[in-house]
Amino acid sequence: MKATTPYWMGWMAAACAAGLATVVAAEDATTAKEQFIPLLVYRTGPYAPNGTPWANGKLDYLKLINARDGGVNGVKLTYEECETEYKTDRGVECYERLKGKGPTGAALFDPQSTGITFALTERAPVDKIPLITVGYGRSESQDGDVFMWNFPLLGTYWTASDVLMQHIAKKEGGFDKLKGKKIALVFHDSPFGREPIPMLEEGARTRGFELIKIPVTPPGVEQKSVWLQVRQQHPDYVFLWGWGVMNSTALKEAQATAFPRDHMLGVWWSGAEPDVKDVGEGAKGYSALTIQYGAGLSKVHLDIFKYVHDKGQGTGPREEVGTVLYNRGMLIQMLSVEAIRRAQERFGKGKPMTGEQVRWALENLNLDQKRLDALGFGEMLKPVRTSCVDHVGASYARIQTWDGRQWVAGELYEANQQIITPMARSAAEAYAASKKITPRTPQDCRA
Amino acid sequence: MLYRENGQFKTSYSADQQLLPIAQDRWLMIALVASSFIAVPLIASDYTLRALIIPFLILAIAAIGLNILVGYCGQISLGSAGLMGVGAYVAFNLTLRVPQLNFLLVLLLSGAGAALVGIAFGTPSLRIKGLYLAVATLAAQFFLDWAFVRVRWFTADSPSGSVSTNPIELLGWTLDRPVDKYLLVLGLVCLLTLAAKNLTRSHIGRAWMATRDMDVAAEIIGVRPLTAKLSAFAVSSFYAGVAGALWGFVHLGSWEPAAFGLVMSLNVLFMIIIGGLGSMIGSFFGAAFIVVLPVLLNRLPAAVGIDLSTAMRSHLESMIFGGLIVLFLAIEPLGLARLWAIGKQKLRVWPFPH
Amino acid sequence: MKPAMQRPSIARLRRQWPVVLLAALLAAGLLAPLASGAATAGFFLEVMLGGLMAGVLYSLVALGFVLIYKASGVFNYAQGAMVLFAALATARMAEHVPLALAVVAALLLMIGFAWLVERLVLRPLVNQSGATLLMATLGISIFLEGFGQAVWGNDIYRIDLGLPKDPMIVGVHLFEGGVLVSREDLVAASVAAALVLMLSLFFQKTATGRALRAVADDHLAAQSIGIPLNRIWVIVWAVAGFVALVAGLVWGSKLGVQFSLSQVALKALPVAILGGLTSIPGAIVGGLIIGVGEKFADVFLGQALAHWFNLEGGGIEQWFAYVLVLGFLLVRPEGLFGERHIDRV
């Protein structure tokens, strides 16, 4: 053991103090004609295999807009990534750090995690920055009268549950055939995994099937006992509601306990290449939802190759372009950019937009087929139209099946908003009551 | 030799026994406290307060708690985050079900609740030591993890398992600005640090240190292991509970059970290892280190001109943490606190080397 | 009859009453599902077999703990990170070179790592307490996780050992529906058994093994008869690295190689302690007990709890093993086969 502290420790301490000074003193220079888009990502940790292609899709689209169009009406898009590791407290930290960047502050946030969305739902109205939660987040936030600042565009977990029930009803030959069947929900034990439960329990009540809930402790790397329970209960169908490594492990364990994979259905976060590539032939027959479009190349991808990857600016590997999660990231970024564009149409073309203005635009988004074709997303999306009370915009979902080597697209379904909207409204009203928020009325809603 | 500390003779017992017997230390402390209460709210930006200073203060409370257990009493505990969670959930349930209670009382009760749980899970320390005790505290951590997710009563039957809190109201004063929250937390930190410092100077503290150094000998001279160890667990858990309640209410605002997982326990342990076991100021240094390092890693490479991906930054953070822990344990096991003491000593004799 | 003095066997029983009670409780817990009808005999056997095999897999990792503790008195918290590191190295290198070559290269890497650890961590901390060394290995584990991922990436990587993935169903005539047995787990179990045999032989029959046992017994005495402590420590950590590599290959082929692999060590920790930190066969026995206990707790106890207290079932696995070990430690602190260490006051 050393008797005295080494000399160089003093220099190290001085260096640390200097580093501290740069932290406190550093200020970022901003120019006037820039729109800042914060990017919360997780490229490390157990959810990285799924988080990385998503983040790459978003980044590549941003680079495309800057390279091909010179930004949105001349306003260049600037961005910064912040690592959250799918943890709520880090997500909140990243939010706090990035919300004020850029000449007008952050345009909008895509937390990439339901848990972080829950935490930010409290802060977004105070800081006046909208949250865009495509296909995740609070299911009741589709009700824009209460959740002014949340936008679960293109689908929520309740629309997903409804579509899954429609699909198995179709497979069985009608909703009446569901009576007496057993459906097991193998879910990630977190806010994300629990979201579909109210909808599925409602379905169990009205359609007569039995819902068995089997939680998986995050990150879900060991699921032997889960699948032993599944084997004991022998359900007719298993709904997989996982994220990250939980999905591939579930499929491997399903194979090891001989549960027929073609009776397994996953939510759109459990149906991507990282989940099944590892299992390969063992996952053959497994189906999952997609938010309208799964894997594949479309017109916009050609532009991405031309303007981004061919110029050496691609964020991830070239083979990743066109995979399920990459496409979803691209879609999310496209909706964000279109919202900024719509805001500019109303509040001043060629100027950077504030969070409030982007919020208005997200509520008045009207992407018809012509516009989607022009953007290169014509094959990927059906028209999206939001309103004050409807923050979802479109509730379609497609079933895709893994054939051992790739995803094969199947039928497109539309979720039954007749059931979902009233449920969302009552849940939203309960939230408003607990938080002492007054829901908006149609009069407040005019821009 | 910038200043002289000698020539300060004490003429009464109370003067001799005071916390800061040297006048320069007293002045420094007064200046520090005054500037914290007055200057910092004026100078610091909202971001600095919200993202750096408030978490630093709250984690310092947790670190003081764990330091009492590990540094002063020599027991090892990997369950501090679970106890923080207990504090947070008790506070949440109290504010939800008994809204009339004063928030300070809520904090006290959440600390007390955590203390009870801590005593329960600390009872094995009377039979087992060292590594095995670490395993026992891990059992507590995992059990609490499971309980918060599973037992719906804790989360008030929230379907998602995630809870959210309303802004704190204290004596008619709503704390929704970062400055208000900062002042509340700072006040609590001053109070709790004073209490902890005095506890460690009292007979209880001496019992703890005796147990840490040689528990067999301590028992022979009459220190009761039961009271020493369980009181250490109780006080440490109280601090963890209060820190957890503040973490949930002031810093996070809304949390899920995963927020108080094993990773946070390990973080608190690292804080006290790097900061210095068995020293109050070490807890603060360690907490500051843990809070500042990720921010540093964000700004420094960019300032120097190296472009790192977020993933690489995250990995670098892990590597630096791990490396520093080993470094500190090998070279300076008493941590940053010891470096600070050495620095002060060097200043005293400067320009002479010794 | 001996009225004044009790018979020896009864006296022993009276001394060991906590162990006997615990064993009785466990046996009751095991048989309860069968007795109450919550499980058919076939399913009971499936859970039992599944638990046994999961346990063997845990003991693969626990062996690493035991080896290092046995020879140097250090509890190596970094064993999980070593498993991840070895698996990552193999998986990534196997993308470019044949698997066998990648395994050899990974082994060389682990030996290099062992040398570095001895030089940079163990030597400076040579006389410190167990708690300090534990915290040092904690630091190593964090460093290794970050370093491994920085060098090799964060995706899920594949190790293809050619193990059969589909299960086999046996005993269809005896039990309704047959009993499911996972072939992959069977292979893994045999690998673990072979490894244990090999290690036991190594410790008992070779000179190096004897030297390792001497160092484990008493550092100073071993040094005084000329056994080079530093070299022994490098050898021990290298052997632990080899065990980590095997564990990484098996677990990686089963679950895919990604970050969470290092969390397996948290499951193997109670196994090592239950078996006794200084006993290699103890790691296997501890693994079997914990594996069965965990699976039974998760499947049956979880459902029972869900039924009685209206909780959702499941998720008990993680803490059940620890609570089981905790109970055991209160009664018998050295584990099942560990050396008795008397420290009474």
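The values are calculated or read from the model by the stated rules, or taken from the named source; none is laboratory data. Here the structure is a predicted model, which is why all the values come from computation and not from measurement. Glycine gets a Cβ as well: all are built from the backbone with ideal geometry, and neighbour counts include every protein chain shown.
Descriptive notes on the structure:
- Selection count, the range C:270-319, where residues are over 16 Å from C:M48 (Cβ atoms) and within 14 Å of chain B (Cβ to nearest Cβ): 27
- Every residue from the range A:305-324 that is in contact (Cβ under 8 Å) with a residue 40 or more places away in the chain and within 23 Å of A:W269 (Cβ to Cβ): A:T315, A:G316, A:E320, A:V321, A:T323, A:V324
- Checked against the criteria, C:D160 does not count as in contact with a Pro (Cβ under 6 Å, 6 or more places away or on another chain), closer than 30 Å to A:G316 by Cβ and in a loop (DSSP other than H, G, I, E, B).
- Screening C:V117 with (1) within 14 Å of another protein chain (Cβ to nearest Cβ); (2) β-branched (V, I, T); (3) assigned to a helix (DSSP H, G or I); (4) farther than 28 Å from B:V268 by Cα gives one miss only, at (4).
- The number of residues in the range A:135-174 that are hydrophobic (A, V, I, L, M, F, W, C), over 21 Å from A:P442 (Cα atoms), surrounded by fewer than 24 Cβ atoms within 10 Å (Cβ to Cβ) and touching a residue at least 60 places away in the same chain (Cβ under 8 Å) comes to 1.
- Residue ID - nearest to C:A265 (Cα to Cα), chosen from residues in the range B:272-284 that are touching a Phe, Trp or Tyr at 6+ places or on another chain (Cβ under 7 Å) and in a helix (DSSP H, G or I): B:I273
- Summed over the range B:265-283, the residues that are touching a Leu at 6+ places or on another chain (Cβ under 9 Å) and either more than 26 Å from A:P219 (Cα to Cα) or within 13 Å of chain A (Cβ to nearest Cβ) (or both) give a count of 12.
- Number of residues in the range A:41-62 that are outside any helix (DSSP H, G or I) and touching a strand residue (DSSP E or B) at 6+ places or on another chain (Cβ under 8 Å): the value is 4.
- Exclusive hit being among the hydrophobic types (A, V, I, L, M, F, W, C) and over 28 Å from A:P219 (Cα atoms), set B:F143, B:F103, B:F121: B:F103
Matching residues to (1) among the basic types (K, R); (2) within 14 Å of chain B (Cβ to nearest Cβ); (3) under 28 Å from A:Q400 (Cα atoms):
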| site | (1), (2), (3) |
| --- | --- |
| A:F109 | no, no, no |
| A:Q112 | no, yes, yes |
| A:S141 | no, yes, yes |
| A:K177 | yes, no, yes |
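- Filter result for C:F113 (over 29 Å from C:I227 (Cβ atoms) and over 16 Å from the mean Cα position of the chain (by Cα)): no
- Total residues in the range B:213-247 satisfying the condition of being within 12 Å of another protein chain (Cβ to nearest Cβ) and touching a Ser or Thr at 6+ places or on another chain (Cβ under 7 Å): the figure is 3.
- Close contacts from the range B:309-329, counting a first residue that is at the interface with another protein chain (Cβ under 7 Å from one of its Cβ atoms) and a second that is polar (S, T, N, Q) and not in a helix (DSSP H, G or I), with Cβ to Cβ under 7 Å and a gap of 6+ residues or different chains, come to B:A311/A:T44; B:A311/C:N154; B:S314/A:T44; B:H315/A:T44.
- Flag for A:L302 being part of a strand (DSSP E or B), out of contact with any Pro (no Cβ under 9 Å at 6 or more places or on another chain) and modelled with pLDDT of 90 or more: no
- Candidates C:P124, C:P167: the one that is within 14 Å of another protein chain (Cβ to nearest Cβ) and touching a strand residue (DSSP E or B) at 6+ places or on another chain (Cβ under 6 Å) is C:P167.
- Looking only at residues of the range C:73-103 that are under 22 Å from C:I232 (Cβ atoms) and small (G, A, S), we find that the one that is modelled with the lowest pLDDT is C:G73.
- Some residue of the range B:118-132 being surrounded by 24 or more Cβ atoms within 10 Å (Cβ to Cβ) and among the aliphatic types (A, V, I, L, M): no
- Selection count, the range A:214-242, where residues are assigned to a strand (DSSP E or B), within 10 Å of chain C (Cβ to nearest Cβ) and of a type outside the set (V, I, T): 1
- The range B:7-55 - residue that is polar (S, T, N, Q) and within 14 Å of chain A (Cβ to nearest Cβ) and, of those, nearest to B:A240 (Cα to Cα): B:T48
- Checking C:A28 against (1) assigned to a helix (DSSP H, G or I); (2) out of contact with any strand residue (DSSP E or B) (no Cβ under 9 Å at 6 or more places or on another chain); (3) crowded, with 16+ Cβ neighbours inside 10 Å, the condition it does not meet: (3)
- Filter result for A:Y86 (among the hydroxyl-bearing types (S, T, Y), more than 10 Å from chain B (Cβ to nearest Cβ) and either part of a strand (DSSP E or B) or touching a residue at least 60 places away in the same chain (Cβ under 8 Å) (or both)): no
- The range B:153-178 - residue that is of a type in the set (A, V, I, L, M, F, W, C) and touching a Lys or Arg at 6+ places or on another chain (Cβ under 9 Å) and, of those, farthest from A:K213 (Cα to Cα): B:L175
- Test: residue in the range A:136-143 that is under 23 Å from B:L49 (Cβ atoms), aromatic (F, W, Y) and either outside any helix (DSSP H, G or I) or under 19 Å from the mean Cα position of the chain (by Cα) (or both): no
- From A:A184, A:A160, residue being in a helix (DSSP H, G or I) and either at pLDDT 90 or above or more than 14 Å from chain C (Cβ to nearest Cβ) (or both): A:A160
- Residue satisfying all of: in the range B:144-190; among the aromatic types (F, W, Y) and surrounded by fewer than 20 Cβ atoms within 10 Å (Cβ to Cβ); farthest from the other protein chains (Cβ to nearest Cβ) among these: B:W173
- Filter pass, C:L180 being part of a helix (DSSP H, G or I) and among the aliphatic types (A, V, I, L, M): no
- Residue check, B:V291 within 14 Å of chain C (Cβ to nearest Cβ) and β-branched (V, I, T): no
- For the range A:337-349, the criterion of being on the phi > 0 side of the Ramachandran plot and small (G, A, S) is met by at least one residue.
- Checking B:Q100 against (1) in a helix (DSSP H, G or I); (2) modelled with pLDDT under 95, the condition it does not meet: (1)
- Pick from the range C:182-222, criterion within 14 Å of chain A (Cβ to nearest Cβ) and without any contact (Cβ under 8 Å) to a residue 40 or more places away in the chain, ranking: surrounded by the most Cβ atoms within 10 Å (Cβ to Cβ): C:V187
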